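**Student:** After the structure tokens below, expect a handful of questions from me.
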Amino acid sequence: MSTESKFITLAGLAGCLGAILVGIGEFSLQFTPNGGIEDVKDYLYFNDVSAERLSFGHFIAVLSAPLYMLGYWHLSKKLEPAGPKQSKAFFLIGAYAFAVGTAWIGQRFFLAATVHEIAAGQDIKTLLTLFSEHNEPFVNVLRLAMVIVSVLWIKLILTGKTAFPKWMAIFSPIVLLATMAALYFTNTKIGLYVFPVAMNAAHFIVFALAMFTTREKNIIS
């Protein structure tokens, strides 16, 4: 295995690790057995999350999120044979998306702390609204970027000669995210657990499959 191949493999492992750690952090920040994380006005579900969980989730998620960029670099190198320019665009959009995503996840703690203060009787509802207005747009940018990279992912795999089998086109981030959202909004038990960390779960699947399929291909060849 060449030095570059080793770096590509390590980047894939870093992406998987990032998806796991950010998933742990986001789960700690947002999961409640009663659900409700779709509330982006009052954020009342944060009242069911302890201050200790919020602090733990905040630090592990923010410190681990940059690893996603290495994961996207790994994917772009595997897509490169199908089109160098488009694979670079895939990497740049994905990396940009998770730079913005890091800003978004980094502010969840402050929203939650504000909700806790309101519940304790402090009259700071306007502060919560202000924080929300400066936080929620980031996740919408992240979602839009996921649509774009997913279109590139599907196009490159189906029309070009990438390192991936054609069936990998199904496992685009947006398809996986939509599946997890559907599981949540149809009130399934698994949806309750995966939806709070849907972005991370989706990317763990993508990164892991990317490594497994190319490793399998190398073994066969």
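**Student:** Scan the stretch 175-186 for residues that are more than 28 Å from residue 214 (Cβ to Cβ) and either among the hydroxyl-bearing types (Ser, Thr, Tyr) or open to solvent by 90 Å² or more (accessible area, probe 1.4 Å) (or both) and jot them down.
**Tutor:** Going residue by residue through the stretch 175-186, those that are more than 28 Å from residue 214 (Cβ to Cβ) are 181-186.
184, 185, 186, listed by residue number.
**Student:** Between residues in the stretch 27-54 that are on the phi > 0 side of the Ramachandran plot and residues that are not aromatic (Phe, Trp, Tyr), which pairs lie under 6 Å by C-beta distance while being six or more apart or on different chains?
**Tutor:** 35/192; 43/111; 43/115
**Student:** Pairs only if they're at least six apart or on different chains, beta carbon under 7 angstrom, first in the stretch 81-105 and on the phi > 0 side of the Ramachandran plot and at pLDDT below 95, second crowded, with 21+ Cβ neighbours inside 10 Å and aliphatic (A, V, I, L, M); list them, first residue then second.
**Tutor:** What qualifies is 83/156.
**Student:** Please identify the pairs in which a residue from the stretch 135-147 that is among the polar types (S, T, N, Q) has its Cβ atom under 9 Å from the Cβ atom of a residue that is open to solvent by less than 10 Å² (accessible area, probe 1.4 Å), counting only partners at least 6 apart or on another chain.
**Tutor:** Pairs that qualify, where the first residue is among the polar types (S, T, N, Q) and the partner is open to solvent by less than 10 Å² (accessible area, probe 1.4 Å), are 135/108; 135/111.
**Student:** Taking residue 28 and the conditions (1) exposed (fewer than 15 other Cβ atoms within 10 Å of the Cβ); (2) in contact with a helix residue (DSSP H, G or I) (Cβ under 7 Å, 6 or more places away or on another chain); (3) in a helix (DSSP H, G or I); (4) of a type in the set (S, T, N, Q), which numbered condition does it fall short on, given that it satisfies the others?
**Tutor:** The one condition residue 28 does not meet is (1).
**Student:** Within the stretch 187-205, identify whether any single residue is open to solvent by 50 Å² or more (accessible area, probe 1.4 Å), modelled with pLDDT of 95 or more and under 25 Å from residue 5 (Cα atoms), and answer yes or no.
**Tutor:** Yes: the stretch 187-205 contains one or more residues that are open to solvent by 50 Å² or more (accessible area, probe 1.4 Å), modelled with pLDDT of 95 or more and under 25 Å from residue 5 (Cα atoms).
**Student:** Mind telling me which of the residues 130, 144 ends up being out of contact with any helix residue (DSSP H, G or I) (no Cβ under 7 Å at 6 or more places or on another chain) and under 17 Å from residue 202 (Cβ atoms)? Break it down into steps so the answer makes sense when it comes.
**Tutor:** Details: 130 fails: under 17 Å from residue 202 (Cβ atoms).
Of 130, 144, the one residue that is out of contact with any helix residue (DSSP H, G or I) (no Cβ under 7 Å at 6 or more places or on another chain) and under 17 Å from residue 202 (Cβ atoms) is 144.
**Student:** Right, another one. Based on this model, can you work out whether residue 34 counts as surrounded by fewer than 19 Cβ atoms within 10 Å (Cβ to Cβ) and part of a loop (DSSP other than H, G, I, E, B)?
**Tutor:** Values: surrounded by fewer than 19 Cβ atoms within 10 Å (Cβ to Cβ): yes; part of a loop (DSSP other than H, G, I, E, B): yes.
Yes; evaluated as a whole, the condition is true for this residue.
**Student:** From 152, 92, 156, 127, which residue is under 24 Å from residue 76 (Cα atoms) and over 18 Å from the mean Cα position of the chain (by Cα)?
**Tutor:** Answer to the selection: 156.
**Student:** Return only the number of the condition from (1) over 19 Å from residue 5 (Cβ atoms); (2) within 15 Å of the chain's Cα centre (by Cα); (3) of a type outside the set (Ser, Thr, Tyr) that residue 170 does not satisfy.
**Tutor:** Result: residue 170 passes all but (2).
The values are calculated or read from the model by the stated rules, or taken from the named source; none is laboratory data. Note that this is a predicted model, so its numbers are computed, not measured. Don't worry about glycine lacking a Cβ; one is built from the backbone with ideal geometry, like all the others, and counts go over all protein chains shown. What goes into the accessible areas is simple: the full protein's heavy atoms, side chains included, and nothing from ligands, DNA or RNA. Shrake-Rupley method; radii C 1.70, N 1.55, O 1.52, S 1.80 Å.
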